[in-house]
Amino acid sequence: MTTPVQDKAANQGWQTPIATALLVLADGTVIEGFGLGATGHSVGEVCFNTAITGYEEILTDPSYSGQIVTFTFPHIGNVGTNEEDIETVNMAAQSGIRGVIVQAPITEPANHRSTRHFDQWLKARNIVGMCGLDTRALTALIREKGMPNAVIAHAPDGKFDIEALKKQAREWPGINGMDLVPGVTASQRYTWKETSWQLGKGYGELGQPTFKVVAIDYGVKRNILRLLADAGCEVIVVPATTSADDILALKPDGVFLSNGPGDPAETGKYSVPVIRAILEQKIPTFGICLGHQMLALAVGAKTVKMHQGHHGANHPVKDFTTNKVEIVSMNHGFAVDPATLPKNAVETHRSLFDGSNCGIALTDRPAFSVQHHPEASPGPRDSHYLFHRFVEMMKNKQPVATLKAKS
């Protein structure tokens, strides 16, 4: 049986477009759209990101492993892609992202730095995508019901086994309880000396380093390593499962705990003992995102799964050590419960959106961490001072409470 619209289309010689992509939620909801990027299907947790720029950095951030990213900004892909804005270091593992959802069809790239169409870029990275749906309605659904598990599917012929997709979405266990770090961490130790990008010059290289920093890689982003290099640090990146003895044998001036994906409580099963051993030696320590959660777990605090998470480049955060409000990039679905912080850990940063914890510092050790992404890739550069704070800590080997922040 045909619909009146289809009958009219047949009479006038045109056809209604068929859905070539589906988003199938765990509760059985089916949302239709048009396919982009790779064909096939992938299962993950759907989150929304409110940034209006930096989609390439977002989609190559290993912290998004296991997730399907919905962009609230409608025009994604219109400046194309290039090889300079990639954030993944472990190219063999790519970023682990499960899919991408955008509102408008991808236009031809219009940017002098573009080297590849966004659709071709998605295909090359085997990322399933879709467009043509109401992303704001999907965002409202996530805000109301939380981040759902779902399957994103792309079939150019429009043929799907919907019941099988529903079953896969329903049976996927979700990120809560998953350790996703093994899929994005480095396979072996390496040294990083690349510095920040400049127009017309590209990336630079660190000359004579002032400090040696060991970065524990839970899914580190390139721009974090570049800003450490900008601050005069030679960075030795080690896999997430590297022992404390091996790290201490490198005689670092400081230890960095990187960002990364998954449930921090699961990653903490092997990372917390290592971090505790480093803290016992009073080695200056700085953590970002998952690294922030790892530091909190190491001192006895707990983490909780968030309802919708924080994903975007427009989040206001207050730094209580400076009494300044910063606009920052965020990407996390778990948060540190400030009520569980021990007496030797103080809250230094807090989200002004929902009051969740965004930073801690230890009062008896030279160690601090933040939940947001001060490397600003993408996003504002308001928090670049945190890398200088880390350098000051390595110089003075004193807790944050005794240091003056550089803004």
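Sorted ascending by nearby beta carbons within 10 Å, beginning with the fewest, 351, 383, 196 become 196, 351, 383. Spatially, region 239-305 and region 82-141 are offset by 31 Å when compared through their Cα centroids. Averaged over residues, the count of other Cβ atoms within 10 Å places the peptides 335-342, 204-211 in the sequence 335-342, 204-211, highest first. DSSP beta bridges fully contained in region 181-402 are about 60 percent antiparallel. Counting only C-alpha contacts under 8 Å and six or more residues apart, can you give the relative contact order of region 181-402 as a whole percent? Once normalised by length, the contact order is 17 percent.
Using only Cα coordinates, the Kirkwood hydrodynamic radius of region 38-116 works out to 13.2 Å. Which pairs in the list 145/305; 282/395; 251/395; 145/302 are over 18 Å apart, alpha-carbon to alpha-carbon? Among 145/305; 282/395; 251/395; 145/302, the Cα-Cα distance tops 18 Å for 145/302. Beta bridges per DSSP, both residues in region 185-311: antiparallel share near 30 percent.
When you restrict to C-alpha pairs under 8 Å that are six or more residues apart and normalise by the size of region 17-171, the relative contact order lands at 38 percent.
Label-to-label distance, residue 396 versus residue 178, with points set 7 angstrom from Cα along the beta-carbon direction: 4.2 nm. Calculated over region 181-402, the projected area of the Cα convex hull averaged across directions stands at 11.4 nm². Taking amide hydrogens as placed 1.01 Å from N in the peptide plane, the amide H of residue 38 sits under 5 Å from those of 123, 127, 128, 129, each at least 5 positions away in sequence or on another chain.
Looking at region 17-171, the DSSP beta bridges with both ends there are about 65 percent antiparallel. Helical runs assigned H by DSSP (4 residues or longer) give the chain a calculated mean residue ellipticity at 222 nm of -6500 deg cm²/dmol, each run adding -39500 (n - 2.57) before division by the residue total. Look at 117, 349, 112 and count the other Cβ atoms within 10 Å of each Cβ; fewest to most, that gives 112, 117, 349. Working note: Debye formula, equal point scatterers on the alpha-carbon atoms of region 126-171, no solvent; log10 I(q)/I(0) at q = 0.14, 0.16, 0.24, 0.29 Å⁻¹ is -0.44, -0.57, -1.11, -1.15. On a 0 to 90° scale, report how tilted helix 162-171 is relative to the longest principal axis of the chain, with both axes built from alpha carbons and the result rounded to the nearest 10. So the helix axis and the longest Cα principal axis differ by about 20 degrees. In order along region 371-380, the Karplus-derived 3J(HN,Hα) couplings, from 6.51 cos²θ - 1.76 cosθ + 1.60 at θ = phi - 60°, round to 7, 7, 10, x, 6, 6, 9, x, x, x Hz, and Gly and Pro are given as x. Radius of gyration over Kirkwood radius for region 17-171, both on Cα atoms: the Rg/Rh ratio is 0.94. Angle of helix 135-145 to the longest C-alpha principal axis of the chain, folded into 0 to 90 degrees and rounded to 10: 60°. Placing +1 on the Cβ of every Lys and Arg and -1 on the Cβ of every Asp and Glu, with no other charges, gives region 181-402 a dipole of roughly 180 debye about its Cα centre.
Once Lys and Arg get +1 and Asp and Glu get -1 on their Cβ, which of 387, 88, 109 lies farthest toward the positive end of the dipole of the chain? Farthest along the dipole direction, towards plus: 387.
Short-range pairs are left out: with C-alpha atoms under 8 Å and at least six residues apart, the relative contact order of the chain is 14 percent. Pair-distance distribution of the chain: all C-alpha pairs, bin width 20 Å, starting at 0; shares per bin in whole percent are 28, 55, 15, 2.
A short reminder: the numbers here are calculations on the coordinates, not readings from a lab. Note that this is a predicted model, so its numbers are computed, not measured. Note: ideal-geometry Cβ built from the backbone for every residue, glycine included; neighbour counts use all protein chains shown.
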